[in-house]
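K.L.:
Just dropping this structure here.
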Amino acid sequence: MLTHRTFAIGDIHGGLKALEQLLFKLKLVPEDHLIFLGDYVDGWSQSAETIFFLMELATKHKCTFIRGNHDALCYNWLKTGIHTDQWIIHGGQATKDSYAKFSQDEIKAQFQFFEGLENYVILNESKLFLHAGFTNLHGPHKEYFEELYYWDRTLWELALSVDPKLSKNDLLYPKRLSLFDEVYIGHTPVTRINKTTPVNAACVWNVDTGAAFKGPLTAIDIDSKEIFQSDPAHLLYPDERGRN
């Protein structure tokens, strides 16, 4: 019998209120393992506060933090002061406003968190967790460019396009999708295909349920596949636009 649960948690995008509501619903015990799939910032007004909250959470529970593309963009800005107009448009302005409330010493205290983010994690040699995807047919450890772990969308597009009737033993079955029993990702909101709960395509589970927009924040128990969700994030921030 399992003595703990392992949860994969989707993209938060500064929605700390949604995260707090979600964690309350999980009724965590110390043995539970929380795997966050990245994109902690950029969207709602509490990006900096979300990072501080996660840092504190990791002192009480077993947490694994995956690097998302928005996290990489935010950290680059925090270190260098340089940002792109695209980052500002896609949630960066709310993040800048959030960090304006804190001193430079407080902000620098977060650098260790950002630097410690994982590109990917493999459990029991059969379950892969990463923000976006990988392109190398031999697996993520052979990836050519680190940025693809948190920017790639082709893995998800590939999984969606596979004929469910196709066997993993078929010569036409995509090699990338045969390497793991399960792959957990975020990055591309399932709201784009009109869903608000995690979507399983081939071996890939997409847990980004659009909390940056008008969807809820989601956690999935990777063993039982039980799903837990916050209220739609935009209802928790009624005076904000988020990334809508």
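The values are calculated or read from the model by the stated rules, or taken from the named source; none is laboratory data. Quick caveat: nothing in here was measured; it's all calculated off a predicted structure. Neighbour counts run over all protein chains shown; Cβ positions are idealised from the backbone, glycine included. Note: areas computed on protein heavy atoms with side chains; ligands, DNA, RNA excluded. Shrake-Rupley method; radii C 1.70, N 1.55, O 1.52, S 1.80 Å.
K.L.:
Just give me the residues in the range 87-96 being touching a Leu at 6+ places or on another chain (Cβ under 9 Å) and either hydrophobic (A, V, I, L, M, F, W, C) or open to solvent by 30 Å² or more (accessible area, probe 1.4 Å) (or both), in sequence order.
P.N.:
The answer is 87, 90.
A quick yes/no check of all residues on (1) outside any helix (DSSP H, G or I); (2) touching an Asp or Glu at 6+ places or on another chain (Cβ under 6 Å); (3) over 19 Å from residue 152 (Cα atoms); (4) open to solvent by less than 70 Å² (accessible area, probe 1.4 Å):
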residue	(1), (2), (3), (4)
50	no, no, yes, yes
53	no, no, yes, yes
60	yes, no, yes, no
72	no, no, no, yes
78	no, no, yes, yes
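K.L.:
A follow-up question, please. Taking the options 223, 231, 208, name whichever one is within 11 Å of residue 10 (Cα to Cα), of a type in the set (D, E, K, R) and modelled with pLDDT of 95 or more.
P.N.:
Numbers: 223 fails: within 11 Å of residue 10 (Cα to Cα); 231 fails: within 11 Å of residue 10 (Cα to Cα).
Result: 208 is the single residue among 223, 231, 208 that is within 11 Å of residue 10 (Cα to Cα), of a type in the set (D, E, K, R) and modelled with pLDDT of 95 or more.
Yes or no, residue by residue, for (1) more than 21 Å from residue 71 (Cα to Cα); (2) of a type in the set (A, V, I, L, M, F, W, C); (3) in a helix (DSSP H, G or I):
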{"position": "159", "(1), (2), (3)": "yes, yes, yes"}
{"position": "165", "(1), (2), (3)": "yes, no, no"}
{"position": "172", "(1), (2), (3)": "yes, yes, no"}
{"position": "177", "(1), (2), (3)": "yes, yes, yes"}
{"position": "180", "(1), (2), (3)": "yes, yes, no"}
{"position": "215", "(1), (2), (3)": "no, no, no"}
{"position": "223", "(1), (2), (3)": "yes, no, no"}
{"position": "238", "(1), (2), (3)": "yes, no, no"}
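K.L.:
Give the residues of the range 144-166 that are surrounded by 14 or more Cβ atoms within 10 Å (Cβ to Cβ), farther than 10 Å from residue 202 by Cα and aromatic (Phe, Trp, Tyr), sorted by residue number.
P.N.:
149, 150, 151
K.L.:
Does the range 62-75 contain any residue that is free of Cβ contacts under 8 Å to residues at least 40 places away in the same chain and more than 19 Å from the chain's Cα centre (by Cα)?
P.N.:
No, the range 62-75 contains no residue that is free of Cβ contacts under 8 Å to residues at least 40 places away in the same chain and more than 19 Å from the chain's Cα centre (by Cα).
K.L.:
Residues being under 16 Å from residue 76 (Cβ atoms) and not hydroxyl-bearing (Ser, Thr, Tyr): count how many of those fall in the range 96-111.
P.N.:
The number of residues fulfilling the criteria is 5.
K.L.:
Then there's this: Which residue is nearest to residue 129 (Cα to Cα), if the candidates are limited to the range 198-223 and must be open to solvent by 60 Å² or more (accessible area, probe 1.4 Å) and in contact (Cβ under 8 Å) with a residue 24 or more places away in the chain? Steps first, please.
P.N.:
Initially, the range 198-223 is screened for residues open to solvent by 60 Å² or more (accessible area, probe 1.4 Å), giving 200, 214, 223.
Narrowing further to those that are in contact (Cβ under 8 Å) with a residue 24 or more places away in the chain: 214, 223.
Working: 214: 24, 223: 14 Å.
Top of the filtered list is 223.
K.L.:
May I pose another question? Taking residue 24 and the conditions (1) aromatic (Phe, Trp, Tyr); (2) in a helix (DSSP H, G or I); (3) open to solvent by less than 40 Å² (accessible area, probe 1.4 Å), which numbered condition does it fall short on, given that it satisfies the others?
P.N.:
(3)
K.L.:
Another question, if that's okay. Is it the case that some residue within the range 30-46 is touching a Lys or Arg at 6+ places or on another chain (Cβ under 8 Å), among the aliphatic types (A, V, I, L, M) and under 23 Å from residue 127 (Cα atoms)?
P.N.:
Yes, because at least one residue in the range 30-46 is touching a Lys or Arg at 6+ places or on another chain (Cβ under 8 Å), among the aliphatic types (A, V, I, L, M) and under 23 Å from residue 127 (Cα atoms).
K.L.:
Looking at (1) assigned to a loop (DSSP other than H, G, I, E, B); (2) open to solvent by 20 Å² or more (accessible area, probe 1.4 Å), which is the only condition residue 132 fails?
P.N.:
Only one criterion is unmet by residue 132, namely (2).
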